[in-house]
Amino acid sequence: MSLRPLDLAEPAALMNIEQSIAKCFEQQVDRAPHNLAVSDEKLSLTYEELNRLANRLAHVLLSGSAERVVVCIENGSSCVAAILGVLKAGHAYVPVDPAFPESRNAYIVENSQATVVVTNSRNLEMAENLSAGKARVVNIDTLPAGPDSNPDIDISPDALAYIIYTSGSTGKPKGVMQSQRNTLHGAMRRTRLQRVTSADRMTLFYSCSVMGSVYCIFGALLNGAGLFPYDFRERGVDALGEWLAGNRISIYHSVASVFRQFAATYPRGS
């Protein structure tokens, strides 16, 4: 759902899908380094700042062998930076939600054959338990001093971008794999549908461990727009209306049940 009227004369955005996600993001950084990229209650980053943080993580990941990297961070700016850092290192990210059952997350770590778990200080103990001593744990909050330039590596559009696991409601969770090219193509299709521009400010309500997060993250950041994570577990629905207005959100995405609950509780005439 869009909270602004569409300008039908506005040209639809086009993406070059014959490249890596990292390269596409870096092009946005070059265009508007000082524009706001991602903002939550604890951390706001411009495109340049987000790129530098992701680069620092990427260089750490490049110092060892890894192909599939679990990201165990709550929904927010640090999680987005971690995802970009994994992609910049040429690896695939495997997101797990720290709020989900530990048994599910441990299964995902093992089943994905991840060799690294990226986490933050808040979830460090959980990440160490999930790794079971078999995977290296990297804390994005305490990265060592090192280069923050774009990694000089060639990433194929056919390289794996992510593995996101299903709910497992009919049995064991199953990993859904997607390439860089297909991820960019999906983002491009949704971008053209909603005519996303660098002036937009988009919500991120979905956990990064579910498929709905993919378009929000890349639909915003690959178009130079601002991304605004919101944690329903901590803030609930009652604060949503004020948050949307305060952050001047122009593009809203949520499941229908959340929107119905929000519409039912939002004061009439507001």
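The values are calculated or read from the model by the stated rules, or taken from the named source; none is laboratory data. This one's a predicted model, so the numbers in the text were calculated from it and none came from an experiment. All Cβ positions, glycine included, derive from the backbone under ideal geometry; neighbour counts span all protein chains shown. Just the protein is used for accessible areas: all its heavy atoms, side chains included, with ligands, DNA and RNA removed. Shrake-Rupley method; radii C 1.70, N 1.55, O 1.52, S 1.80 Å.
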Amide H contacts under 5 Å for ALA37, placed H, 5+ residues apart: LEU45, THR46, TYR47
Honestly the stretch 1-156 on the Cα gyration tensor test (a ≥ b ≥ c root eigenvalues; a/c under 1.5 rounded, otherwise a/b vs b/c for prolate or oblate) is just prolate
Order these peptides, 123-134, 143-154, by their mean beta-carbon neighbour count within 10 angstrom, highest first. 123-134, 143-154
In deg cm²/dmol and to the nearest 500, what is the mean residue ellipticity at 222 nm of the chain if only DSSP H runs of at least 4 residues count, each as -39500 (n - 2.57), divided by the residue total? -11500 deg cm²/dmol
Taking a ≥ b ≥ c as the square roots of the eigenvalues of the Cα gyration tensor of the stretch 147-193, is the shape rounded (a/c under 1.5), prolate (a/b larger than b/c) or oblate? oblate
Taking 0.36 nm per residue of sequence separation and subtracting the Cα-Cα distance, how much length would be gained by fully extending the chain between GLU18 and ALA239, in nm to one decimal? 75.4 nm
Check SER179: other-chain or 5+ apart residues with amide H under 5 Å from its amide H, H built from backbone geometry? ALA161
Cα shape, the stretch 175-263, gyration tensor, a/c 1.5 rule: oblate
Hydropathy at least -0.5 by Kyte-Doolittle, axial extent at least 20 angstrom from the Cα trace: which helices of the chain, defined as entire DSSP H runs, fit? 47-62
Carbon and sulfur atoms account, in whole percent of the 1.4 Å probe accessible area of the chain, for 50
Over 29 Å between alpha carbons, listed pairs LYS42/LYS134; LYS88/LYS174; LYS42/LYS88; LYS42/LYS172: LYS42/LYS134; LYS42/LYS172
For ARG201, tell me the accessible area in Å² from a 1.4 Å probe, rounded to the nearest 10. 50
Which order do the peptides 22-29, 80-87 come out in when sorted by mean C-beta neighbours inside 10 angstrom, highest first? 80-87, 22-29
Point-charge dipole on Cβ atoms (K/R +1, D/E -1) for the chain, about Cα centre, debye to 20: 680
